[in-house]
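The values are calculated or read from the model by the stated rules, or taken from the named source; none is laboratory data. Not measured: the values here are computed from a predicted model. Reconstructed Cβ throughout: ideal geometry from the backbone, glycine too, with neighbour counts over all protein chains shown.
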């Protein structure tokens, strides 16, 4: 078996200083929701680990997950590939093609059996023998089963690989399924999203490379560090929801003032992801901050879950109930005052007497 250098040895050969390496490890600790003091421990663990082989398979997908990965800024894609892992096979990023690429994949799978990390993006078509997507004469199903045999663990990147995604949407003509629907004997980490947040992808890889184990997962196989809370719970618009203040259209005064987009179909209350805190484009923004409701793309079957612009049915928090109750009480009070004012006016007209100053003041409300 080939003996690859440890991460520390590789970094030394590349002229990377210990200081730079510790900064990298501090960023990694931050992504994994660990205290900064863990950076030396991460450096020690990574420094002793040999650069692991990584095979990335792309099946029924749009390349959006790879596009997302290449825009990761912490760690950067360059540092992840060239300093920490050895990305031995990737349809889009590899230089080799044809037989050379496939022979290399087979050699890596043989030499590093039981050690390499397998990453999959895209769903797997199984209808009609899987003929709807083939690579090098192999169906996606055949390639997945072959490559999964010697993998230490599998990372299903994107909602297509994690849950079937858009290819699985009704009527699902290709019989698209997720990685977990096929592989049952390997640990699988689902990094869902359409596409996933860049630093979530690299954060999961960094965790595995640091500790040699998969992170804590939720019931859908997603890392709880990133998928442990809903978009709604982390959203900066949440206080307006609790106050019962909702935008009624995307261009009304409420929307311009940052009110909650729940009534416009935002799926944040039922969607688990880190968009609200990690954000996109180096932490610049995210869909809700840009004025559009969450589509729920990190959840199973989000494409068939109903209109993106119809409010979801969900339990309302105690604060939300208070806010809605206050809003309702205000509306009822307003109606009562209006009825009272109309009654006073009618009585005044019937008696042919002018309204008093107090009655006029009350009418303004």
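Could you count how many residues in the range 293-307 are surrounded by fewer than 16 Cβ atoms within 10 Å (Cβ to Cβ), touching a residue at least 40 places away in the same chain (Cβ under 8 Å) and in a loop (DSSP other than H, G, I, E, B)?
Residues flagged as surrounded by fewer than 16 Cβ atoms within 10 Å (Cβ to Cβ), touching a residue at least 40 places away in the same chain (Cβ under 8 Å) and in a loop (DSSP other than H, G, I, E, B) within the range 293-307 amount to 2.
Which condition number does residue 170 fail, the rest of (1) in a loop (DSSP other than H, G, I, E, B); (2) in contact with a helix residue (DSSP H, G or I) (Cβ under 7 Å, 6 or more places away or on another chain); (3) not assigned by TED's automatic domain parsing to the domain that holds residue 149 being met?
The number of the failed condition is (3).
Please count how many residues of the range 11-59 are closer than 30 Å to residue 146 by Cα and surrounded by fewer than 18 Cβ atoms within 10 Å (Cβ to Cβ).
Residues that pass the stated criteria total 3.
I'd like the full set of residues that are without any contact (Cβ under 8 Å) to a residue 40 or more places away in the chain and not in a loop (DSSP other than H, G, I, E, B), limited to the range 179-228.
Of everything in the range 179-228, those that are without any contact (Cβ under 8 Å) to a residue 40 or more places away in the chain and not in a loop (DSSP other than H, G, I, E, B) turn out to be 188, 189, 190, 191, 217, 223, 224.
Would you mind stating whether residue 161 is surrounded by 24 or more Cβ atoms within 10 Å (Cβ to Cβ), more than 28 Å from residue 292 (Cβ to Cβ) and either modelled with pLDDT of 95 or more or not assigned by TED's automatic domain parsing to the domain that holds residue 282 (or both)?
Judged against the criteria, residue 161 is not a match.
Look through 349, 345, 279, 353 and report the one residue that is modelled with pLDDT under 50 and surrounded by 12 or more Cβ atoms within 10 Å (Cβ to Cβ).
Step by step, each of 349, 345, 279, 353 is checked, and only 345 is modelled with pLDDT under 50 and surrounded by 12 or more Cβ atoms within 10 Å (Cβ to Cβ).
When the residues of the range 188-216 are filtered to those that are closer than 23 Å to residue 116 by Cβ and modelled with pLDDT of 95 or more, which remaining residue is farthest from the chain's Cα centre (by Cα)?
In this case the residue turns out to be 188.
Condition test on residue 119, is it touching a strand residue (DSSP E or B) at 6+ places or on another chain (Cβ under 9 Å), in a strand (DSSP E or B) and in contact (Cβ under 8 Å) with a residue 40 or more places away in the chain?
Taking the combined requirement at face value, the residue satisfies it.
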